[in-house]
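What follows is a short report on a single structure.
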Number of protein chains: 2
Amino acid sequence: MKFLLEKTDAASLARCGTVTTDHGVIQTPIFMPVGTVGSVKGVYHRDLVEDVRAQIILGNTYHLYLRPGLEILKSAGGLHQFNGFNLPMLTDSGGFQVFSLAGIRKISAEGVEFRSHIDGSKHFFSPERVMDIQRIIGADIIMAFDECTPGTADYQYAKKSLLLTEDWLDRCISRFNSTEPLYGYQQTLFPIVQGCTYKDLRQHAAENVAEKNADGYAIGGLAVGEPTDVMYEMIEVVNAILPKEKPRYLMGVGTPINILEAIERGVDMFDCVMPTRNGRNAQIFTKHGTINLRNQKWDFDFSPLDPEGASYVDTMYTKAYVHHLFKAQEILALQIASIHNLAFYLWLVGEARQHIVAGYFCVWKARMVEELGRRL
Amino acid sequence: MKFLLEKTDAASLARCGTVTTDHGVIQTPIFMPVGTVGSVKGVYHRDLVEDVRAQIILGNTYHLYLRPGLEILKSAGGLHQFNGFNLPMLTDSGGFQVFSLAGIRKISAEGVEFRSHIDGSKHFFSPERVMDIQRIIGADIIMAFDECTPGTADYQYAKKSLLLTEDWLDRCISRFNSTEPLYGYQQTLFPIVQGCTYKDLRQHAAENVAEKNADGYAIGGLAVGEPTDVMYEMIEVVNAILPKEKPRYLMGVGTPINILEAIERGVDMFDCVMPTRNGRNAQIFTKHGTINLRNQKWDFDFSPLDPEGASYVDTMYTKAYVHHLFKAQEILALQIASIHNLAFYLWLVGEARQHIVAGYFCVWKARMVEELGRRL
């Protein structure tokens, strides 16, 4: 994987560049749709490429490990072959899901024992095991195994947790470096910066990972309940330390406004379930604010779903019609809202990029943040 | 609406023709995807036209009357405007749903009082009311309001029920003829032949409707639990009487084999929820038989979903992948199976048409029936 930093904004830390993987080139800043078990919920692969214009998607190691499982993934020749999505992919390390989804778990220095949220079966993830699993899944970019510290953790817990994550990172790197990719293309390992909401821990964490000379870095453990301003501050603290010539990936964030604020602070890559999950709950994002499609006010609104929208569904369907589909609990409603929101997110980061290139990012971003915050 | 009978098979009653409506031309035999509340479950309108190659879709009067309701449909300018589907549409009369879905109902000579299955609210359908409702929905082809006799009805009940349906038909025709379409294009009323599984009642019913000189005729009350052979016999009895120069629509039928058998017996139009409903339950139809995608045998089958399939999903996705999506309860599984099955049904009736044109229908049909009956 190679990152080329093309331009940094004169008035902010916003940057644009290209990430080159063996499965293709990604233009940053970029948003990565979440393909939990190898499918982006409710969206055909064709539409994801042609309509949403996704350049890279994310898979969840925890979910893929449980279903379809490693035997099937390996036999298929990796996730790209299994799901037929031939663009770059990234997998998380399973850390977040083990700590948020799985049943009773025991954390030790060695790793985490947990029970599947599906059938209660017992499993063990260690840094080495998670590297091996991600070799089998075969994403282009893979993540170090970390403890995802709860947002409410006190300083002592957060510090202890960070030390564990740092120890695990070394073990991840060691295992990664002593193994080969399985399917003939390169994989890249990103360390993750943890440290909860404690400035000195975040600094320590950023300095620690920066020393590893990785190809890119992730910022984890944010947007887990802390105030938005604290999240932005942590991004600033971390990005002041992370090497400028490497891509920075803010994990699991966030609203369109969060994304613009993070881009302004020098983040290059994003993923979040929000566009699809909120879409399935009838919330759609537009450049003039958010719309709750369950609201009765759309009953008789026969105007296009989003006249300026980036997806073909935006002009094919009306607000009244999609509102009706949500009321009638039709699957098509979930599909339309998901594809709309993903196309909107990809449009948003694409516009951010264009404005960075053109030198007007901050002016555009300030205007957008105002609009995006509205409820229509 | 005009029907042009183009050819009748030399060795059977199979026919092909064209139905011309103000929203376009339909080539028969044809299958009509069911768009219950104005959407074909899980399928984008674009894909329905471009991929499934649907030529006409069906809407359910009962469902549309309840949701979105007449006020919204009228304000939109009818169902075509409301859902943006600009091809021909057909609505049933609500008879079937009132008798199968709705809550406590009272049948009288006047009509049927029933309660909504959604909120228990009380409603009344009479033949006149149902004509008015279908004027507001605005489908190109609309159906007479009938009592859909239970498949288990004894002769006396079936006879009484048929007389009621015949009385209601006259009232439907009278109301239809004394009202105008609301949106500037023509609508056509099809009477429905009832009579349960009693040959003399079916004959009587067919003779009665044939006298009305309608533009087309529907055969209702079949595939409601009676043996398949009885259904085929009833189709034969009715089609021997219905005028040859008018299209015949077999309501709510059925499996791919049912459809070929009915085509052989002179039926021109079909609708059924089977391709979408069974698809959502992981059953897909192929030209070599049916596949249950939940079956563990597909775990490691990385061959295309249906190498000879008519839809783009057939070669984009593998059996193992779609099997995995069903196991993981992903929406995308329902979408893929729905679009595959609909494309298959449309392919099937298209092939039937081509073989009628070419003069080899019966040979082809016999071979297909053998293949279609297999479980893969």
*How many residues are closer than 14 Å to A:Leu87 by Cβ and among the polar types (S, T, N, Q) when one looks only at the range A:40-60?*
1
*asked:* Here is a list: A:Ala352, A:Ala337. Which entry is open to solvent by less than 10 Å² (accessible area, probe 1.4 Å), touching a Cys at 6+ places or on another chain (Cβ under 9 Å) and either touching a residue at least 24 places away in the same chain (Cβ under 8 Å) or of a type outside the set (Phe, Trp, Tyr) (or both)?
replied: A:Ala352
*So how many residues does the range B:28-49 have that are more than 7 Å from chain A (Cβ to nearest Cβ) and over 20 Å from the mean Cα position of the chain (by Cα)?*
0
_Only one of A:Ser338, A:Ser311 is closer than 24 Å to A:Met32 by Cβ and either of a type in the set (D, E, K, R) or facing another protein chain (nearest Cβ under 10 Å) (or both). Can you tell me which?_
A:Ser338
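Anything in the range B:210-222 that is aliphatic (A, V, I, L, M) and part of a loop (DSSP other than H, G, I, E, B)? List them, or say none.
Answer for the range B:210-222, where residues must be aliphatic (A, V, I, L, M) and part of a loop (DSSP other than H, G, I, E, B): B:Ala214, B:Leu222.
Which of the residues that make up the range A:57-78 are closer than 24 Å to A:Ile219 by Cα and aliphatic (A, V, I, L, M)?
The first filter runs over the range A:57-78 and keeps only residues closer than 24 Å to A:Ile219 by Cα, leaving A:57-65.
A:Ile57, A:Leu58, A:Leu64 - these are the residues of the range A:57-78 that are closer than 24 Å to A:Ile219 by Cα and aliphatic (A, V, I, L, M).
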_Residue selected from the range B:92-137 under the condition assigned to a loop (DSSP other than H, G, I, E, B) and within 14 Å of chain A (Cβ to nearest Cβ), by the criterion nearest to B:Gln27 (Cα to Cα)_ = B:Leu101
*Given the structure, is B:Glu180 farther than 23 Å from B:Leu222 by Cα, surrounded by fewer than 17 Cβ atoms within 10 Å (Cβ to Cβ) and not aliphatic (A, V, I, L, M)?*
yes
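Can you list the helices (runs of 4 or more DSSP H) lying wholly within the range B:274-376 that have 1 or more residues being more than 28 Å from A:Val43 (Cβ to Cβ) and in contact with a Gly (Cβ under 7 Å, 6 or more places away or on another chain)?
Of the helices (runs of 4 or more DSSP H) lying wholly inside the range B:274-376, those with at least 1 residues that are more than 28 Å from A:Val43 (Cβ to Cβ) and in contact with a Gly (Cβ under 7 Å, 6 or more places away or on another chain) span B:361-372.
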_Restricting the range B:146-165 to residues that are among the hydrophobic types (A, V, I, L, M, F, W, C) and in contact with a Cys (Cβ under 6 Å, 6 or more places away or on another chain), the residue that is farthest from B:Glu110 (Cα to Cα)_ = B:Ala153
*Would you check if there is a residue in the range A:1-13 being out of contact with any helix residue (DSSP H, G or I) (no Cβ under 9 Å at 6 or more places or on another chain), open to solvent by less than 10 Å² (accessible area, probe 1.4 Å) and over 15 Å from A:Gly266 (Cα atoms)?*
no
*If you check B:Val25, B:Val52, which single one turns out to be more than 12 Å from every other protein chain (Cβ to nearest Cβ), out of contact with any Asp or Glu (no Cβ under 7 Å at 6 or more places or on another chain), over 18 Å from B:Ala218 (Cβ atoms) and open to solvent by less than 30 Å² (accessible area, probe 1.4 Å)?*
B:Val52
*Residue count, the range B:185-226 (criterion: over 16 Å from the mean Cα position of the chain (by Cα) and modelled with pLDDT under 95)*: 2
*Within the range A:351-366, identify whether any single residue is hydroxyl-bearing (Ser, Thr, Tyr) and within 14 Å of chain B (Cβ to nearest Cβ), and answer yes or no.*
no
*Restricting attention to the range A:319-334, which residues are within 28 Å of the chain's Cα centre (by Cα) and at the interface with chain B (Cβ under 7 Å from one of its Cβ atoms)?*
A:Glu330, A:Ile331, A:Leu332, A:Leu334
*Under the condition of being more than 14 Å from chain B (Cβ to nearest Cβ) and aromatic (Phe, Trp, Tyr), which residue from the range A:246-299 is nearest to A:Ile219 (Cα to Cα)?*
A:Tyr249
*asked:* Looking at the range B:39-49 only, could you name the residues that are open to solvent by less than 10 Å² (accessible area, probe 1.4 Å) and touching a residue at least 60 places away in the same chain (Cβ under 8 Å)?
replied: B:Val40, B:Gly42, B:Val43, B:Asp47, B:Leu48
_Hits in the range B:121-140 (condition: farther than 12 Å from B:Thr179 by Cα and open to solvent by less than 30 Å² (accessible area, probe 1.4 Å))_ = B:Phe125, B:Ser126, B:Pro127, B:Val130, B:Ile137, B:Gly138, B:Ala139, B:Asp140
*Options B:Ile284, B:Ile257; residue that is buried (at least 24 other Cβ atoms within 10 Å of the Cβ), β-branched (Val, Ile, Thr), modelled with pLDDT of 95 or more and farther than 23 Å from B:Ser93 by Cα*: B:Ile284
*asked:* Can you say whether A:Ser100 is open to solvent by 40 Å² or more (accessible area, probe 1.4 Å) and not charged (D, E, K, R), as far as the supplied structure shows?
replied: yes
*asked:* Would you confirm whether or not the range B:69-91 contains a residue that is within 24 Å of B:Leu163 (Cβ to Cβ) and either open to solvent by 50 Å² or more (accessible area, probe 1.4 Å) or not in a strand (DSSP E or B) (or both)?
replied: no
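Restricting attention to the range B:55-68, and to residues there that are more than 21 Å from B:Lys122 (Cα to Cα) and either among the basic types (Lys, Arg) or open to solvent by less than 10 Å² (accessible area, probe 1.4 Å) (or both), which single residue is farthest from the other protein chains (Cβ to nearest Cβ)?
Restricting to residues being more than 21 Å from B:Lys122 (Cα to Cα) and either among the basic types (Lys, Arg) or open to solvent by less than 10 Å² (accessible area, probe 1.4 Å) (or both), the top hit is B:Ile56.
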*Quick one: would you say B:Ser108 is without any contact (Cβ under 8 Å) to a residue 12 or more places away in the chain, within 27 Å of B:Ser178 (Cα to Cα) and open to solvent by 10 Å² or more (accessible area, probe 1.4 Å)?*
yes
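Yes or no, residue by residue, for (1) acidic (Asp, Glu); (2) part of a loop (DSSP other than H, G, I, E, B):
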{"residue": "B:Tyr183", "(1), (2)": "no, yes"}
{"residue": "B:Asp200", "(1), (2)": "yes, no"}
{"residue": "B:Glu207", "(1), (2)": "yes, no"}
{"residue": "B:Val224", "(1), (2)": "no, yes"}
{"residue": "B:Tyr232", "(1), (2)": "no, no"}
{"residue": "B:Ile235", "(1), (2)": "no, no"}
{"residue": "B:Val238", "(1), (2)": "no, no"}
{"residue": "B:Lys244", "(1), (2)": "no, yes"}
*Picking from A:Ala366, A:Ala343, A:Ala358, which residue would you name as being crowded, with 24+ Cβ neighbours inside 10 Å, at pLDDT 95 or above and out of contact with any helix residue (DSSP H, G or I) (no Cβ under 6 Å at 6 or more places or on another chain)?*
A:Ala343
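The values are calculated or read from the model by the stated rules, or taken from the named source; none is laboratory data. Here the structure is a predicted model, which means the values were calculated and not measured. Quick reminder, even Gly has a Cβ in these numbers, built from the backbone with ideal geometry, and neighbours come from all protein chains shown. The accessibility values were calculated without ligands, DNA or RNA, using every heavy atom of the protein model including side chains. Shrake-Rupley method; radii C 1.70, N 1.55, O 1.52, S 1.80 Å.
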